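See structure below.
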Amino acid sequence: MPCTTILVGKNASYDGSTMMARNEDSPSGIFTSKKFTVINPKDQPRHYVSKISKVEIELPDNPMRYTSMPDAPSTQGVWGEAGINEVNVAMSETETITSNPRVLGADPLVKGGIGEEDYLTIVLPYIHSAREGVIRLGKLHEQFGTYEMNGIGFQDKDEIWWFESIGGHHWMAKKVPDNSYVVVPNQLGIDSFDFTDALGEQNEHMCSADLVEFVTENHLNLTPHEEGYSLADEQHFDTRAAFGSHDDSDHTYNTCRAWFMLRTLNPHLEGKGATFNPESDTLPWSMVPEKLITVEDVKYVLSAHYQGTPYDPYGKHGADGERNKYRAIGINRTNFVALTQLRPYMPDEIMAVEWIAEGSNVFNAFVPFYANVTKTPEYLDNTTDKVTTDNFYWANRLIGALADAHFNTSAIHIERYQNTMHSKGHEFIIRTDRKFVAEQPADVHAFLEAANDEMASIAREETTRTLGNVLYTASNGMRNSFARSDA
(Lines give C-alpha, C1' and ligand atoms only; values in the text may rest on other atoms or scores of the structure.)
Protein backbone atom coordinates (compact mmCIF):
# COMPACT_ATOMS: atom_id res chain seq x y z
CA MET A 1 0.00 0.00 0.00
CA PRO A 2 1.60 3.34 -1.05
CA CYS A 3 1.72 5.53 2.07
CA THR A 4 3.79 8.11 4.00
CA THR A 5 4.66 8.00 7.73
CA ILE A 6 5.97 10.42 10.36
CA LEU A 7 6.93 9.48 13.93
CA VAL A 8 7.59 12.13 16.62
CA GLY A 9 9.46 11.36 19.85
CA LYS A 10 8.16 12.80 23.11
CA ASN A 11 10.90 15.42 23.44
CA ALA A 12 10.43 16.53 19.83
CA SER A 13 6.70 17.28 20.18
CA TYR A 14 5.13 20.51 21.35
CA ASP A 15 3.54 19.06 24.49
CA GLY A 16 5.66 16.03 25.41
CA SER A 17 3.34 13.59 23.63
CA THR A 18 4.50 10.79 21.45
CA MET A 19 2.87 11.23 18.03
CA MET A 20 2.60 8.79 15.15
CA ALA A 21 0.81 9.48 11.86
CA ARG A 22 0.48 7.87 8.46
CA ASN A 23 -1.40 8.39 5.22
CA GLU A 24 -3.09 5.29 3.87
CA ASP A 25 -3.00 5.67 0.08
CA SER A 26 -4.75 3.27 -2.26
CA PRO A 27 -2.97 1.88 -5.33
CA SER A 28 -3.27 3.91 -8.53
CA GLY A 29 -6.84 4.09 -9.82
CA ILE A 30 -8.37 2.73 -6.61
CA PHE A 31 -10.23 4.73 -3.95
CA THR A 32 -11.06 2.85 -0.75
CA SER A 33 -13.73 4.15 1.60
CA LYS A 34 -12.81 3.96 5.29
CA LYS A 35 -14.53 4.21 8.63
CA PHE A 36 -13.41 4.99 12.19
CA THR A 37 -14.71 2.34 14.55
CA VAL A 38 -14.08 0.42 17.78
CA ILE A 39 -13.51 -3.32 18.04
CA ASN A 40 -14.79 -4.54 21.40
CA PRO A 41 -13.52 -7.87 22.83
CA LYS A 42 -16.74 -9.70 21.98
CA ASP A 43 -16.26 -8.78 18.30
CA GLN A 44 -12.60 -9.80 18.08
CA PRO A 45 -12.09 -13.15 16.30
CA ARG A 46 -10.43 -16.00 18.17
CA HIS A 47 -9.75 -17.94 14.97
CA TYR A 48 -8.51 -15.52 12.33
CA VAL A 49 -8.59 -16.24 8.59
CA SER A 50 -7.04 -13.81 6.13
CA LYS A 51 -9.04 -13.11 2.98
CA ILE A 52 -5.99 -12.46 0.81
CA SER A 53 -3.45 -15.08 1.85
CA LYS A 54 -5.91 -17.49 3.53
CA VAL A 55 -3.52 -17.86 6.47
CA GLU A 56 -5.26 -19.11 9.63
CA ILE A 57 -4.14 -17.97 13.08
CA GLU A 58 -5.39 -18.94 16.51
CA LEU A 59 -5.60 -15.75 18.57
CA PRO A 60 -5.47 -15.39 22.37
CA ASP A 61 -8.75 -15.47 24.27
CA ASN A 62 -8.13 -12.21 26.15
CA PRO A 63 -8.21 -9.41 23.57
CA MET A 64 -8.42 -5.77 24.59
CA ARG A 65 -10.68 -3.15 23.07
CA TYR A 66 -9.11 -1.01 20.32
CA THR A 67 -9.94 1.57 17.68
CA SER A 68 -9.54 0.75 14.01
CA MET A 69 -9.79 2.32 10.52
CA PRO A 70 -11.04 -0.62 8.43
CA ASP A 71 -12.15 -0.68 4.83
CA ALA A 72 -15.85 -0.01 4.36
CA PRO A 73 -17.06 -2.47 3.27
CA SER A 74 -14.35 -4.97 4.19
CA THR A 75 -14.64 -7.09 1.05
CA GLN A 76 -10.85 -7.58 0.81
CA GLY A 77 -10.29 -8.12 4.52
CA VAL A 78 -10.10 -5.83 7.53
CA TRP A 79 -7.17 -3.46 6.75
CA GLY A 80 -7.46 -1.88 10.22
CA GLU A 81 -4.42 0.36 9.56
CA ALA A 82 -4.30 2.54 12.72
CA GLY A 83 -5.60 2.30 16.25
CA ILE A 84 -5.13 2.67 20.01
CA ASN A 85 -5.98 -0.06 22.49
CA GLU A 86 -7.48 0.26 25.95
CA VAL A 87 -4.10 0.48 27.72
CA ASN A 88 -2.98 3.40 25.52
CA VAL A 89 -0.74 1.54 23.09
CA ALA A 90 -1.00 2.53 19.43
CA MET A 91 -0.12 0.83 16.19
CA SER A 92 0.21 2.12 12.61
CA GLU A 93 0.38 -0.36 9.75
CA THR A 94 1.76 -0.42 7.20
CA GLU A 95 4.27 1.55 5.21
CA THR A 96 4.93 -0.66 2.22
CA ILE A 97 8.70 -0.66 1.75
CA THR A 98 11.20 -1.80 -0.86
CA SER A 99 14.00 -4.36 -0.88
CA ASN A 100 16.43 -5.90 -3.36
CA PRO A 101 16.83 -9.20 -5.22
CA ARG A 102 19.61 -10.48 -2.93
CA VAL A 103 17.38 -10.27 0.16
CA LEU A 104 14.32 -11.67 -1.58
CA GLY A 105 16.37 -14.47 -3.07
CA ALA A 106 17.81 -15.43 0.30
CA ASP A 107 14.48 -15.22 2.16
CA PRO A 108 11.61 -15.25 -0.37
CA LEU A 109 8.26 -13.72 0.45
CA VAL A 110 5.62 -16.20 1.62
CA LYS A 111 2.48 -16.36 -0.52
CA GLY A 112 0.40 -17.74 2.35
CA GLY A 113 1.87 -15.47 5.03
CA ILE A 114 0.61 -12.43 6.91
CA GLY A 115 0.39 -8.86 5.61
CA GLU A 116 -1.14 -5.43 5.94
CA GLU A 117 -4.68 -6.79 5.84
CA ASP A 118 -4.01 -8.71 9.07
CA TYR A 119 -1.52 -6.87 11.27
CA LEU A 120 -3.72 -4.60 13.41
CA THR A 121 -6.21 -7.37 14.15
CA ILE A 122 -3.63 -9.96 15.19
CA VAL A 123 -1.31 -7.66 17.17
CA LEU A 124 -2.87 -4.51 18.70
CA PRO A 125 -5.46 -6.18 21.02
CA TYR A 126 -2.70 -8.15 22.79
CA ILE A 127 0.14 -5.72 23.54
CA HIS A 128 0.80 -3.55 26.58
CA SER A 129 3.73 -1.48 25.29
CA ALA A 130 5.41 -0.48 22.06
CA ARG A 131 8.19 -2.99 22.75
CA GLU A 132 5.65 -5.77 23.19
CA GLY A 133 4.25 -4.86 19.79
CA VAL A 134 7.66 -5.35 18.16
CA ILE A 135 8.17 -8.68 19.92
CA ARG A 136 4.72 -10.06 19.08
CA LEU A 137 4.87 -9.05 15.42
CA GLY A 138 8.43 -10.39 15.16
CA LYS A 139 7.32 -13.80 16.39
CA LEU A 140 4.38 -13.82 13.98
CA HIS A 141 6.71 -12.95 11.10
CA GLU A 142 9.05 -15.75 11.99
CA GLN A 143 6.22 -18.27 12.38
CA PHE A 144 3.99 -17.45 9.41
CA GLY A 145 6.19 -15.38 7.11
CA THR A 146 4.94 -12.38 5.14
CA TYR A 147 3.99 -11.88 1.51
CA GLU A 148 5.14 -8.24 1.37
CA MET A 149 7.79 -5.89 2.74
CA ASN A 150 6.41 -3.51 5.35
CA GLY A 151 7.24 -0.92 8.01
CA ILE A 152 5.06 -0.79 11.15
CA GLY A 153 4.96 1.72 14.00
CA PHE A 154 4.31 0.96 17.68
CA GLN A 155 3.75 3.67 20.28
CA ASP A 156 3.15 4.14 23.98
CA LYS A 157 3.43 7.32 26.04
CA ASP A 158 7.19 6.88 26.47
CA GLU A 159 8.46 5.21 23.30
CA ILE A 160 7.93 4.78 19.58
CA TRP A 161 9.45 1.80 17.78
CA TRP A 162 9.71 1.30 14.02
CA PHE A 163 9.60 -2.29 12.71
CA GLU A 164 10.76 -3.24 9.20
CA SER A 165 10.44 -6.65 7.58
CA ILE A 166 13.44 -8.14 5.76
CA GLY A 167 12.41 -10.75 3.22
CA GLY A 168 9.82 -13.34 4.12
CA HIS A 169 10.73 -14.06 7.75
CA HIS A 170 13.40 -11.67 9.04
CA TRP A 171 12.94 -8.27 10.65
CA MET A 172 14.59 -5.41 12.53
CA ALA A 173 13.24 -2.62 14.72
CA LYS A 174 14.66 0.64 16.02
CA LYS A 175 13.47 3.03 18.72
CA VAL A 176 12.75 6.58 17.61
CA PRO A 177 15.09 8.89 19.57
CA ASP A 178 13.04 10.86 22.12
CA ASN A 179 14.32 14.19 20.79
CA SER A 180 13.82 13.36 17.11
CA TYR A 181 11.30 12.69 14.39
CA VAL A 182 11.35 10.06 11.66
CA VAL A 183 9.96 10.25 8.11
CA VAL A 184 9.35 7.16 5.97
CA PRO A 185 8.11 7.06 2.36
CA ASN A 186 7.64 3.71 0.57
CA GLN A 187 11.18 2.44 0.99
CA LEU A 188 13.24 0.78 3.68
CA GLY A 189 13.95 3.61 6.09
CA ILE A 190 16.30 2.60 8.92
CA ASP A 191 19.73 3.90 7.90
CA SER A 192 22.00 2.28 10.52
CA PHE A 193 21.69 -0.54 13.02
CA ASP A 194 23.53 -1.47 16.21
CA PHE A 195 23.89 -5.26 16.37
CA THR A 196 25.64 -5.14 19.76
CA ASP A 197 22.52 -3.53 21.23
CA ALA A 198 20.06 -5.72 19.34
CA LEU A 199 21.82 -8.90 20.48
CA GLY A 200 22.39 -7.56 23.99
CA GLU A 201 20.49 -4.98 26.05
CA GLN A 202 18.01 -4.06 23.28
CA ASN A 203 17.78 -0.50 24.51
CA GLU A 204 17.15 0.94 21.06
CA HIS A 205 17.45 -1.98 18.60
CA MET A 206 15.80 -5.38 18.17
CA CYS A 207 15.91 -7.95 15.38
CA SER A 208 15.23 -11.58 14.51
CA ALA A 209 17.64 -13.76 16.49
CA ASP A 210 19.47 -15.09 13.44
CA LEU A 211 19.82 -11.84 11.51
CA VAL A 212 23.64 -11.72 11.82
CA GLU A 213 23.92 -15.25 10.43
CA PHE A 214 21.42 -14.43 7.68
CA VAL A 215 23.41 -11.37 6.59
CA THR A 216 26.74 -13.21 6.74
CA GLU A 217 25.69 -16.40 4.99
CA ASN A 218 24.04 -14.51 2.15
CA HIS A 219 26.77 -11.87 1.70
CA LEU A 220 24.39 -8.95 2.32
CA ASN A 221 26.87 -6.67 4.07
CA LEU A 222 28.07 -4.23 1.40
CA THR A 223 30.36 -2.19 3.65
CA PRO A 224 34.07 -2.91 3.04
CA HIS A 225 35.72 -4.39 6.12
CA GLU A 226 39.07 -5.84 7.15
CA GLU A 227 39.95 -9.40 8.09
CA GLY A 228 38.80 -10.29 11.58
CA TYR A 229 35.70 -8.10 11.32
CA SER A 230 32.73 -9.32 13.37
CA LEU A 231 29.24 -8.30 12.26
CA ALA A 232 27.91 -9.06 15.74
CA ASP A 233 30.11 -6.22 17.03
CA GLU A 234 28.92 -3.75 14.37
CA GLN A 235 27.28 -0.65 15.84
CA HIS A 236 26.68 1.27 12.60
CA PHE A 237 25.56 -1.37 10.12
CA ASP A 238 24.42 0.10 6.78
CA THR A 239 20.94 -1.43 6.59
CA ARG A 240 19.89 0.50 3.49
CA ALA A 241 22.81 -0.90 1.47
CA ALA A 242 22.16 -4.42 2.73
CA PHE A 243 18.36 -4.63 2.74
CA GLY A 244 17.03 -1.66 0.76
CA SER A 245 16.31 -0.90 -2.87
CA HIS A 246 18.59 1.04 -5.18
CA ASP A 247 16.21 1.81 -8.03
CA ASP A 248 16.01 4.95 -10.14
CA SER A 249 12.26 5.03 -9.45
CA ASP A 250 12.97 5.72 -5.76
CA HIS A 251 14.11 9.20 -6.78
CA THR A 252 10.75 10.20 -8.23
CA TYR A 253 8.54 8.22 -5.86
CA ASN A 254 10.21 8.00 -2.45
CA THR A 255 13.23 10.15 -1.60
CA CYS A 256 11.47 13.28 -2.86
CA ARG A 257 8.78 12.87 -0.17
CA ALA A 258 11.33 12.44 2.61
CA TRP A 259 13.21 15.49 1.31
CA PHE A 260 10.15 17.74 1.50
CA MET A 261 9.26 16.66 5.04
CA LEU A 262 12.84 17.13 6.23
CA ARG A 263 13.19 20.55 4.59
CA THR A 264 9.92 21.66 6.22
CA LEU A 265 10.84 20.61 9.76
CA ASN A 266 14.54 21.47 9.36
CA PRO A 267 14.47 24.36 6.87
CA HIS A 268 18.10 25.31 7.42
CA LEU A 269 19.21 22.05 5.84
CA GLU A 270 18.55 23.72 2.50
CA GLY A 271 21.74 24.76 0.78
CA LYS A 272 23.72 21.78 2.05
CA GLY A 273 24.54 20.76 -1.50
CA ALA A 274 24.10 17.48 -3.34
CA THR A 275 23.61 15.45 -0.16
CA PHE A 276 20.25 17.12 0.54
CA ASN A 277 17.98 17.18 -2.49
CA PRO A 278 14.83 15.38 -3.73
CA GLU A 279 16.84 12.53 -5.22
CA SER A 280 19.36 11.96 -2.45
CA ASP A 281 19.85 8.39 -1.24
CA THR A 282 21.46 9.54 2.01
CA LEU A 283 18.62 11.48 3.64
CA PRO A 284 18.61 10.66 7.38
CA TRP A 285 16.03 8.35 8.93
CA SER A 286 15.71 10.55 12.04
CA MET A 287 16.46 14.19 12.81
CA VAL A 288 16.18 16.62 15.71
CA PRO A 289 13.66 19.25 14.54
CA GLU A 290 14.52 22.95 14.57
CA LYS A 291 11.37 23.63 16.58
CA LEU A 292 9.00 21.39 18.49
CA ILE A 293 6.52 19.64 16.21
CA THR A 294 2.77 20.30 16.46
CA VAL A 295 -0.31 18.45 15.26
CA GLU A 296 -0.61 21.05 12.51
CA ASP A 297 2.98 20.42 11.41
CA VAL A 298 2.22 16.73 11.03
CA LYS A 299 -0.89 17.47 8.99
CA TYR A 300 1.02 19.94 6.81
CA VAL A 301 3.82 17.58 5.82
CA LEU A 302 1.42 14.70 5.19
CA SER A 303 -0.67 16.99 2.96
CA ALA A 304 2.27 18.33 0.98
CA HIS A 305 2.23 18.80 -2.78
CA TYR A 306 5.69 20.44 -2.93
CA GLN A 307 4.23 23.89 -2.34
CA GLY A 308 6.87 26.59 -2.52
CA THR A 309 8.99 24.56 -4.94
CA PRO A 310 9.02 24.20 -8.75
CA TYR A 311 7.54 20.71 -8.31
CA ASP A 312 4.06 21.82 -7.13
CA PRO A 313 1.43 20.42 -9.56
CA TYR A 314 -0.80 23.38 -8.63
CA GLY A 315 2.01 25.92 -8.99
CA LYS A 316 2.62 28.47 -11.71
CA HIS A 317 6.37 28.91 -11.39
CA GLY A 318 7.82 25.52 -12.29
CA ALA A 319 8.45 24.40 -15.84
CA ASP A 320 5.98 21.93 -17.34
CA GLY A 321 8.45 19.09 -16.88
CA GLU A 322 9.02 19.91 -13.22
CA ARG A 323 5.48 20.38 -11.88
CA ASN A 324 4.60 16.69 -11.92
CA LYS A 325 8.11 15.31 -11.68
CA TYR A 326 7.75 13.88 -8.18
CA ARG A 327 5.07 11.87 -6.42
CA ALA A 328 3.23 14.18 -4.01
CA ILE A 329 2.64 13.25 -0.36
CA GLY A 330 -0.90 14.65 -0.35
CA ILE A 331 -2.19 12.61 -3.26
CA ASN A 332 -5.66 12.17 -4.76
CA ARG A 333 -6.00 8.55 -3.60
CA THR A 334 -5.29 9.05 0.10
CA ASN A 335 -8.00 7.20 2.03
CA PHE A 336 -7.30 8.73 5.42
CA VAL A 337 -4.61 9.97 7.77
CA ALA A 338 -4.67 9.15 11.48
CA LEU A 339 -2.45 10.79 14.09
CA THR A 340 -2.30 8.89 17.39
CA GLN A 341 -1.34 11.23 20.23
CA LEU A 342 -0.51 9.87 23.70
CA ARG A 343 -0.37 12.68 26.27
CA PRO A 344 1.59 11.67 29.40
CA TYR A 345 0.43 14.72 31.38
CA MET A 346 -3.23 13.63 31.32
CA PRO A 347 -4.97 10.85 33.31
CA ASP A 348 -4.85 7.42 31.68
CA GLU A 349 -8.56 7.59 30.90
CA ILE A 350 -8.18 10.58 28.56
CA MET A 351 -4.53 10.27 27.55
CA ALA A 352 -5.19 8.91 24.04
CA VAL A 353 -6.48 11.18 21.29
CA GLU A 354 -6.82 10.14 17.65
CA TRP A 355 -6.85 12.89 15.02
CA ILE A 356 -8.67 11.74 11.87
CA ALA A 357 -8.85 13.21 8.35
CA GLU A 358 -10.31 11.41 5.36
CA GLY A 359 -9.96 11.80 1.60
CA SER A 360 -7.20 13.76 -0.13
CA ASN A 361 -5.12 15.51 2.54
CA VAL A 362 -4.62 18.69 0.50
CA PHE A 363 -8.32 19.44 0.98
CA ASN A 364 -9.34 17.81 4.27
CA ALA A 365 -8.96 18.73 7.96
CA PHE A 366 -7.98 16.96 11.18
CA VAL A 367 -10.70 16.19 13.74
CA PRO A 368 -9.75 14.87 17.21
CA PHE A 369 -11.51 12.07 19.07
CA TYR A 370 -10.86 10.38 22.39
CA ALA A 371 -9.85 6.74 21.92
CA ASN A 372 -11.04 5.32 25.27
CA VAL A 373 -14.55 4.56 24.01
CA THR A 374 -16.71 1.55 23.14
CA LYS A 375 -18.19 3.17 20.02
CA THR A 376 -17.42 5.99 17.61
CA PRO A 377 -19.73 8.68 16.20
CA GLU A 378 -22.14 7.59 13.48
CA TYR A 379 -20.78 10.24 11.11
CA LEU A 380 -17.44 8.39 10.95
CA ASP A 381 -18.63 4.81 11.55
CA ASN A 382 -21.42 4.58 8.99
CA THR A 383 -19.25 4.57 5.85
CA THR A 384 -20.11 2.16 3.04
CA ASP A 385 -19.19 2.15 -0.66
CA LYS A 386 -22.23 4.34 -1.38
CA VAL A 387 -21.48 7.99 -2.13
CA THR A 388 -23.34 10.21 0.33
CA THR A 389 -22.84 13.45 2.23
CA ASP A 390 -24.03 11.70 5.39
CA ASN A 391 -20.54 10.61 6.43
CA PHE A 392 -17.13 12.18 6.86
CA TYR A 393 -15.29 10.10 4.25
CA TRP A 394 -17.52 10.77 1.24
CA ALA A 395 -18.14 14.42 2.09
CA ASN A 396 -14.39 15.01 2.09
CA ARG A 397 -13.88 13.03 -1.12
CA LEU A 398 -16.42 15.31 -2.81
CA ILE A 399 -14.72 18.44 -1.48
CA GLY A 400 -11.36 17.26 -2.77
CA ALA A 401 -12.55 16.36 -6.26
CA LEU A 402 -14.32 19.72 -6.70
CA ALA A 403 -11.57 21.84 -5.15
CA ASP A 404 -8.76 20.19 -7.10
CA ALA A 405 -10.34 21.17 -10.42
CA HIS A 406 -10.72 24.77 -9.20
CA PHE A 407 -7.68 24.96 -6.96
CA ASN A 408 -6.94 28.68 -7.03
CA THR A 409 -10.53 29.85 -6.51
CA SER A 410 -11.36 27.16 -3.93
CA ALA A 411 -8.15 27.48 -1.88
CA ILE A 412 -9.65 30.09 0.46
CA HIS A 413 -12.51 27.76 1.40
CA ILE A 414 -10.09 24.92 2.16
CA GLU A 415 -7.84 27.18 4.22
CA ARG A 416 -10.80 28.38 6.28
CA TYR A 417 -12.06 24.81 6.72
CA GLN A 418 -8.71 23.56 7.98
CA ASN A 419 -8.06 26.52 10.29
CA THR A 420 -11.59 26.36 11.71
CA MET A 421 -11.54 22.62 12.33
CA HIS A 422 -8.08 22.63 13.86
CA SER A 423 -8.95 25.56 16.15
CA LYS A 424 -12.23 23.98 17.21
CA GLY A 425 -10.45 20.66 17.67
CA HIS A 426 -7.96 22.11 20.12
CA GLU A 427 -10.71 24.03 21.91
CA PHE A 428 -12.72 20.80 22.19
CA ILE A 429 -9.78 18.89 23.68
CA ILE A 430 -8.95 21.63 26.21
CA ARG A 431 -12.59 22.01 27.29
CA THR A 432 -13.23 18.26 27.55
CA ASP A 433 -9.99 17.63 29.45
CA ARG A 434 -10.90 20.28 32.03
CA LYS A 435 -14.45 19.02 32.37
CA PHE A 436 -13.28 15.44 32.88
CA VAL A 437 -10.75 16.41 35.56
CA ALA A 438 -13.31 18.60 37.34
CA GLU A 439 -16.22 16.15 37.24
CA GLN A 440 -14.40 12.79 37.48
CA PRO A 441 -17.33 11.00 35.76
CA ALA A 442 -18.18 7.51 36.98
CA ASP A 443 -18.93 6.29 33.46
CA VAL A 444 -15.82 7.31 31.54
CA HIS A 445 -16.88 5.71 28.27
CA ALA A 446 -20.26 7.43 28.22
CA PHE A 447 -18.63 10.77 29.01
CA LEU A 448 -16.08 10.48 26.20
CA GLU A 449 -18.57 9.06 23.70
CA ALA A 450 -20.86 12.05 24.27
CA ALA A 451 -17.89 14.36 23.83
CA ASN A 452 -16.89 12.62 20.59
CA ASP A 453 -20.45 12.93 19.29
CA GLU A 454 -20.29 16.66 19.94
CA MET A 455 -17.02 16.92 18.01
CA ALA A 456 -18.49 14.91 15.13
CA SER A 457 -21.45 17.29 14.97
CA ILE A 458 -19.08 20.24 14.70
CA ALA A 459 -17.11 18.43 11.99
CA ARG A 460 -20.28 17.64 10.06
CA GLU A 461 -21.45 21.24 10.16
CA GLU A 462 -18.11 22.65 9.00
CA THR A 463 -17.60 19.96 6.38
CA THR A 464 -21.08 20.50 4.92
CA ARG A 465 -20.50 24.25 4.85
CA THR A 466 -17.19 23.81 3.07
CA LEU A 467 -18.73 21.42 0.54
CA GLY A 468 -21.39 24.02 -0.24
CA ASN A 469 -18.83 26.78 -0.67
CA VAL A 470 -16.59 24.70 -2.91
CA LEU A 471 -19.57 23.50 -4.96
CA TYR A 472 -20.68 27.11 -5.52
CA THR A 473 -17.18 28.17 -6.58
CA ALA A 474 -16.79 25.17 -8.88
CA SER A 475 -20.22 25.78 -10.44
CA ASN A 476 -19.22 29.36 -11.28
CA GLY A 477 -16.07 28.02 -12.91
CA MET A 478 -17.81 25.62 -15.28
CA ARG A 479 -16.71 25.92 -18.91
CA ASN A 480 -20.25 26.26 -20.22
CA SER A 481 -20.92 29.44 -18.22
CA PHE A 482 -22.14 32.59 -20.01
CA ALA A 483 -22.34 36.08 -18.54
CA ARG A 484 -25.72 37.09 -19.96
CA SER A 485 -28.79 35.86 -18.01
CA ASP A 486 -32.06 34.81 -19.63
CA ALA A 487 -33.97 37.90 -18.49
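The values are calculated or read from the model by the stated rules, or taken from the named source; none is laboratory data. Predicted, not measured: the structure shown is a model, and the values here were computed from it. Reconstructed Cβ throughout: ideal geometry from the backbone, glycine too, with neighbour counts over all protein chains shown. Each accessible area value is taken on the protein alone, full model and side chains, heavy atoms only, with ligands, DNA and RNA left out. Shrake-Rupley method; radii C 1.70, N 1.55, O 1.52, S 1.80 Å.
Points worth noting:
- Normalised size of the stretch 337-385, defined as Cα radius of gyration per 2.2 N^0.38 Å with N residues, equals 1.29.
- Volume per residue for the stretch 1-73 equals 156 cubic angstrom (convex hull of Cα atoms).
- Using only the C-alpha atoms, the convex hull of the stretch 128-246 corresponds to 114 Å³ per residue.
- Each principal axis of the Cα atoms in the stretch 77-117 has its own extent, and those three values, largest first, are 40, 19, 14 angstrom.
- From phi via Karplus (6.51, -1.76, 1.60), per-residue ³J(HN,Hα) for the stretch 469-476 in Hz, x at Gly/Pro: 5, 5, 4, 4, 4, 5, 5, 5
- Computed over protein heavy atoms with a 1.4 Å probe, the accessible surface of the chain works out to 41 Å² per residue.
- Hull shadow area, averaged, the stretch 98-138 [alpha-carbon convex hull, nm²]: 3.8 nm²
- In this structure, THR464 and GLN440 have a Cβ-Cβ separation that, at R0 = 56 Å, corresponds to a calculated FRET efficiency of about 0.95.
- Whole-Å distance, taken between Cα centres, linking the stretch 30-52 and the stretch 155-170: 21 Å
- With one equal scatterer per alpha carbon and no solvent term, the Debye-computed log10 I(q)/I(0) for the stretch 181-285 at 0.17, 0.24 1/Å reads -0.87, -1.23.
- Average silhouette area of the stretch 93-171, convex hull of alpha-carbon atoms, in square nanometres: 4.8 nm²
- Separation in nanometres of the label points that stand 7 Å from Cα toward Cβ, at GLU56 and ASN100: 4.0 nm
- Extension gain, ASN218 to ALA411: 0.36 nm times the residue separation minus the Cα-Cα distance gives 64.2 nm.
- Across all directions, the average flat footprint of the convex hull enclosing the Cα atoms of the chain is 25.3 nm².
- Remark on the stretch 1-132: Rg and Dmax equal 15.8, 45 Å (Cα only).
- Overall dimensions of the stretch 388-464 as given by Cα atoms, namely Rg and Dmax in Å: 15.8, 50
- When the alpha-carbon atoms of the stretch 358-487 are used, the pair Rg, Dmax equals 17.8, 65 angstrom.
- Which listed pairs, of LYS35/LYS111; LYS54/LYS386; LYS34/LYS375; LYS35/LYS386; LYS10/LYS175; LYS35/LYS139, have C-alpha distances above 23 Å, in listed order: LYS35/LYS111; LYS54/LYS386; LYS35/LYS139
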